Amino acid sequence: MTDSQTTPEPITSPFGARSTAMDVVAGHDLSGQTAVVTGAASGIGVETARALLSAGARVLLAVRDMAKGEAVAQELRASTGNDAAHVVELDLSSLASVRTAAARILDLAPQLDLLIDNAGVMVTPFSRTADGFEMQFGTNHLGHFLLTELLMPALLAAAPARVVALSSSGHRRSDVLLDDLNYDSRPYDKWEAYGNSKTANALFAVGLTQKYGAQGVTANSVNPGGIMTGLQKHLPIEEQRAMGWMDEQGNLNPVFKTVEQGAATSVWAAVGTELEGVGGLYLEDVQEALPVNPSRPYVGYLPYLRDSQKAQRLWDESEKLVGLKSSL
């Protein structure tokens with residue numbers, strides 16, 4: 001059995017695809033808890049932070065653009081009535097920046113209850129990070145992998161603690177390419193590379209739970225659904241139309257969500273009582289996802305997303321790539 005965890009029945013919640021982050025967090029009291037949300041200066045990261053702040057949490061917004069992050073933090077403090085929104089600089093495409101950010105976060109939060117690995121890039125032209133990794137894999141997976149490992153002492157100190165890894169239905173574009181993670185030897189394909197990174201995000205949640213679950217730190221991955229944010233900036237309108245995302249008039253496919261709805265599953269992964277002590281799952285529409293079924297074309301996961309042996313291999317390789325383990 002390669003599944004990281006099997007359950008008799010999928011874990012469910014009273015919410016659905018059109019529920020919002022505020023719907024999900026209603027009734028939760030997060031006073032005394034500290035959360036980190038990466039990519040919290042735009043898109044669903046803002047709404048994830050808003051929901052957590054509204055429930056009383058202290059939230060560290062880990063952002064690349066400090067000026068934008070400070071403006072968002074100011075708006076969140078005003079709209080939620082919670083002054084405990086703080087900004088930390090983080091560029092996930094630079095391991096040096098990740099290390100600096102992690103040190104700053106540990107200084108601010110020696111105990112960390114929630115880590116939402118939300119930030120990401122999508123279908124970028126071929127480029128490499130500051131450390132030479134393919135941009136999508138380096139940013140989406142390796143940056144978050146190193147950040148999470150460096151913050152693990154604070155997560156363990158707060159246990160039970162949760163990590164949320166943002167994956168995507170785009171994982172169906174590619175299994176994780178363990179033989180060539182950084183496109184050193186194969187031709188670059190932007191969608192395959194995105195799938196590679198998003199499958200890696202989900203396998204990271206499997207691997208983290210395998211390693212730290214018994215110590216009280218678990219992780220689940222999340223498909224937020226289709227949401228129009230800055231994530232699409234590298235995707236021409238013509239290509240979005242060809243994919244059926246919008247019609248010629250620019251009207252979105254009804255399957256798309258608002259940012260408030262897109263943040264709902266992340267917030268459920270963070271606070272849902274149904275997920276206490278549970279990790280290694282792939283969540284969508286505020287439920288545990290089911291395997292892909294042709295009758296439900298926009299949802300579901302492919303089996304490789306929960307392959308525990310592959311998750312361990314990816315973990316070992318990631319440790320070497322970010323310098324946490326010798327490659328010898």
Return the residue satisfying two criteria in turn: it lies in the stretch 123-167 and is in contact with a Leu (Cβ under 7 Å, 6 or more places away or on another chain) and polar (S, T, N, Q), and of such residues it is farthest from Glu276 (Cα to Cα). Thr139
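Given the criteria surrounded by 23 or more Cβ atoms within 10 Å (Cβ to Cβ), under 17 Å from the mean Cα position of the chain (by Cα), at pLDDT below 95 and not aromatic (Phe, Trp, Tyr), does His141 qualify? Step through it out loud before you land on a result.
Details: surrounded by 23 or more Cβ atoms within 10 Å (Cβ to Cβ): yes; under 17 Å from the mean Cα position of the chain (by Cα): yes; at pLDDT below 95: no; not aromatic (Phe, Trp, Tyr): yes.
No; evaluated as a whole, the condition is false for this residue.
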Give the number of residues within the stretch 288-319 that are surrounded by fewer than 21 Cβ atoms within 10 Å (Cβ to Cβ) and either part of a loop (DSSP other than H, G, I, E, B) or within 16 Å of the chain's Cα centre (by Cα) (or both). 12
Here are some residues: Met135, Met122. Which one is out of contact with any Pro (no Cβ under 7 Å at 6 or more places or on another chain), open to solvent by less than 30 Å² (accessible area, probe 1.4 Å) and among the hydrophobic types (A, V, I, L, M, F, W, C)? Met122
With the structure loaded, tell me whether Ser185 is of a type in the set (S, T, N, Q) and closer than 16 Å to Ser221 by Cβ or whether it fails that test. no
Unique match (being farther than 18 Å from Leu275 by Cα and modelled with pLDDT of 95 or more) among Val59, Val25: Val59
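One line per residue, one yes/no per condition, for (1) closer than 26 Å to Arg296 by Cβ; (2) surrounded by fewer than 24 Cβ atoms within 10 Å (Cβ to Cβ); (3) at pLDDT below 95:
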position: Ala157; (1), (2), (3): no, yes, no
position: Arg162; (1), (2), (3): no, no, no
position: Gly170; (1), (2), (3): yes, yes, yes
position: Tyr188; (1), (2), (3): no, yes, no
position: Asn201; (1), (2), (3): yes, no, no
position: Ala205; (1), (2), (3): yes, no, no
position: Ala214; (1), (2), (3): no, yes, no
position: Gly230; (1), (2), (3): no, yes, yes
position: Leu235; (1), (2), (3): yes, yes, yes
At pLDDT 95 or above and not in a helix (DSSP H, G or I): does that describe Leu115? yes
So, first residue under 20 Å from Ala269 (Cβ atoms) in the stretch 105-117, second residue open to solvent by 30 Å² or more (accessible area, probe 1.4 Å) and assigned to a strand (DSSP E or B), Cβ within less than 8 Å, six or more apart or across chains; the pairs are Ala109/Arg58; Asp113/Arg162; Leu114/Arg162; Leu115/Arg162
Within the stretch 129-142, identify whether any single residue is touching a helix residue (DSSP H, G or I) at 6+ places or on another chain (Cβ under 7 Å), touching a residue at least 60 places away in the same chain (Cβ under 8 Å) and among the hydroxyl-bearing types (Ser, Thr, Tyr), and answer yes or no. no
Regarding Arg99, is this residue in contact with a strand residue (DSSP E or B) (Cβ under 6 Å, 6 or more places away or on another chain) and under 24 Å from Leu150 (Cα atoms)? no
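Of the residues Asn223, Asn253, which is surrounded by 13 or more Cβ atoms within 10 Å (Cβ to Cβ) and either at pLDDT 95 or above or in contact with a Leu (Cβ under 8 Å, 6 or more places away or on another chain) (or both)? Spell out the reasoning first.
Working: Asn253 fails: either at pLDDT 95 or above or in contact with a Leu (Cβ under 8 Å, 6 or more places away or on another chain) (or both).
Exactly one residue qualifies, and that residue is Asn223.
Would you pick out the residues in the stretch 161-181 that are of a type outside the set (A, V, I, L, M) and touching a residue at least 60 places away in the same chain (Cβ under 8 Å)? Break it down into steps so the answer makes sense when it comes.
The first filter runs over the stretch 161-181 and keeps only residues of a type outside the set (A, V, I, L, M), leaving 162, 167-175, 179-180.
Result: Arg162, Ser167, Ser169, His171, Arg172, Asp175.
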Would you mind finding the one in Leu324, Leu281 that is modelled with pLDDT of 95 or more, closer than 14 Å to Thr209 by Cβ and touching a Leu at 6+ places or on another chain (Cβ under 9 Å)? Leu281
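The values are calculated or read from the model by the stated rules, or taken from the named source; none is laboratory data. Note that the structure is a prediction, hence the values are computed from the model and not measured. In this analysis, Cβ positions are derived from the backbone assuming ideal geometry, glycine residues included, and neighbour counts consider all displayed protein chains. These accessible areas exclude ligands, DNA and RNA; they are computed on the full protein's heavy atoms, side chains included. Shrake-Rupley method; radii C 1.70, N 1.55, O 1.52, S 1.80 Å.
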